Amino acid sequence: MISVVILTLNEQAVLPGCLSSLSWCDDVLVFDSFSSDDTMEVVRRAGARVLQRAFTNYADQRNAALRDGNFKHPWVLMLDADERVPSELAEEMKRVLATAPKSVTMYRMRRKDMFLGQWIKRSSGYPTWFGRLVRPHNVRVEREINEEYHTDGEAGFLQEHLHHFPFEKGFKHWIERHNRYSTMEVTALTAEASLRVPLTAFFSANPVRRRRALKLFAYRMPGRPFLVFLYLYLFRLGILDGRAGLTFCTLRMVYEYMINIKMKELRRRQNGLPL
């Protein structure tokens with residue numbers, strides 16, 4: 001009933017955990033960006049299928065996987081290697097799809113972000129809805145980073161969660177990854193700079209449209225990195241997540257600051273000014 005595709009690039013440390021949570025699935029495709037570590041050995045031992053494509057951006061990779069995956073089943077669950085599918089979510093997906101109307105072509109779900117051995121529910125800004133369970137030919141992925149899933153049909157909502165372990169490969173990897181993410185985010189934000197943010201979008205029932213409006217508004221505010229920290233740590237009560245909450249909110253502030261300074265760098269270079 002459900003196939004799974006996992007995006008990978010040098011994920012030998014975290015991929016076994018992801019694959020072990022998919023014992024219920026008989027069609028797992030690893031869509032790899034030519035890993036140079038032992039990711040392919042992990043895939044071989046697990047008996048999963050492999051397709052490889054040079055990485056361009058996340059939206060391109062996901063669209064290519066949906067297009068070229070040759071999936072066994074009509075529904076596809078899209079995962080990252082640091083995510084896990086708990087049994088409760090697997091059972092809910094099977095149960096819901098057994099009676100899903102033909103008009104529904106995508107299901108949105110939420111994640112539980114894990115850090116220092118706990119779910120950082122408050123400081124992670126939960127809940128964010130992701131369109132991950134899809135009919136491949138009815139869904140397109142847009143935006144090269146922090147992707148948006150769009151469907152030509154209706155979208156449903158699942159109650160169970162993916163489990164996400166963003167620090168499984170250590171702080172060094174998280175910082176290096178978000179250094180890349182911040183560069184990609186600047187590119188995306190530059191392309192979106194002229195977009196209007198209609199007032200109705202802030203109250204839209206579509207979580208993707210609502211999130212985009214809030215994001216475009218937030219990135220036009222002065223002092224945004226510190227405001228993000230205050231929002232997550234105080235307003236969203238990340239302070240109740242203890243040491244994990246404080247650490248995560250601080251890292252989020254650093255990430256937002258990286259985006260800010262890279263945006264300023266881009267503007268100065270466009271105007272022929274030195275750093």
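The values are calculated or read from the model by the stated rules, or taken from the named source; none is laboratory data. Just so you know, these numbers come straight off a predicted model, no measurement behind them. Heads up, the Cβs are rebuilt from the backbone with ideal geometry, glycines too, and the neighbour counts pull from every protein chain shown.
With respect to being out of contact with any strand residue (DSSP E or B) (no Cβ under 8 Å at 6 or more places or on another chain), at pLDDT 95 or above, closer than 22 Å to residue 266 by Cα and not β-branched (Val, Ile, Thr), residue 194 falls outside the description. Taking the criterion of being in contact (Cβ under 8 Å) with a residue 60 or more places away in the chain, basic (Lys, Arg) and over 22 Å from residue 234 (Cβ atoms), the residues of region 98-145 that qualify are 108, 135, 140, 143. Counting residues in region 62-75 that are part of a loop (DSSP other than H, G, I, E, B) and charged (D, E, K, R) gives one or more. The single condition among (1) surrounded by 15 or more Cβ atoms within 10 Å (Cβ to Cβ); (2) in contact with a helix residue (DSSP H, G or I) (Cβ under 6 Å, 6 or more places away or on another chain); (3) at pLDDT 95 or above; (4) not hydroxyl-bearing (Ser, Thr, Tyr) that residue 119 does not meet is (2). If you filter region 78-100 down to residues that are within 15 Å of the chain's Cα centre (by Cα) and of a type outside the set (Val, Ile, Thr), you find that the one that is farthest from residue 161 (Cα to Cα) is 81. Taking region 1-13 as the range and being within 14 Å of residue 82 (Cβ to Cβ), in contact with a strand residue (DSSP E or B) (Cβ under 9 Å, 6 or more places away or on another chain) and outside any strand (DSSP E or B) as the test, the residues that pass are 9, 11.
Is at least one residue of region 159-170 out of contact with any helix residue (DSSP H, G or I) (no Cβ under 9 Å at 6 or more places or on another chain), touching a residue at least 24 places away in the same chain (Cβ under 8 Å) and either part of a loop (DSSP other than H, G, I, E, B) or surrounded by 14 or more Cβ atoms within 10 Å (Cβ to Cβ) (or both)?
Initially, region 159-170 is screened for residues out of contact with any helix residue (DSSP H, G or I) (no Cβ under 9 Å at 6 or more places or on another chain), giving 164, 170.
Those still in the list that are touching a residue at least 24 places away in the same chain (Cβ under 8 Å) too: 164.
Next cut, either part of a loop (DSSP other than H, G, I, E, B) or surrounded by 14 or more Cβ atoms within 10 Å (Cβ to Cβ) (or both) only: 164.
For region 159-170, residues out of contact with any helix residue (DSSP H, G or I) (no Cβ under 9 Å at 6 or more places or on another chain), touching a residue at least 24 places away in the same chain (Cβ under 8 Å) and either part of a loop (DSSP other than H, G, I, E, B) or surrounded by 14 or more Cβ atoms within 10 Å (Cβ to Cβ) (or both): present.
If I ask for residues that are touching a Lys or Arg at 6+ places or on another chain (Cβ under 7 Å) and either closer than 12 Å to residue 28 by Cβ or at pLDDT below 95 (or both), which ones from region 60-77 would you list?
From region 60-77, those touching a Lys or Arg at 6+ places or on another chain (Cβ under 7 Å) are 61, 63-64, 74-75, 77; that's our starting set.
Passing the criteria: only 77.
It is to be established whether one or more residues within region 127-137 are assigned to a helix (DSSP H, G or I) and not hydroxyl-bearing (Ser, Thr, Tyr). Looking through region 127-137, at least one residue is assigned to a helix (DSSP H, G or I) and not hydroxyl-bearing (Ser, Thr, Tyr).
Quick check: anything in region 108-119 at positive phi, of a type in the set (Gly, Ala, Ser) and in contact with a Leu (Cβ under 8 Å, 6 or more places away or on another chain)? Within region 108-119, none of the residues are at positive phi, of a type in the set (Gly, Ala, Ser) and in contact with a Leu (Cβ under 8 Å, 6 or more places away or on another chain).
Assess whether residue 239 counts as being in a helix (DSSP H, G or I), outside the structural domain of residue 114 (by TED's automatic domain parsing) and under 27 Å from residue 116 (Cα atoms). It is true that residue 239 is in a helix (DSSP H, G or I), outside the structural domain of residue 114 (by TED's automatic domain parsing) and under 27 Å from residue 116 (Cα atoms).
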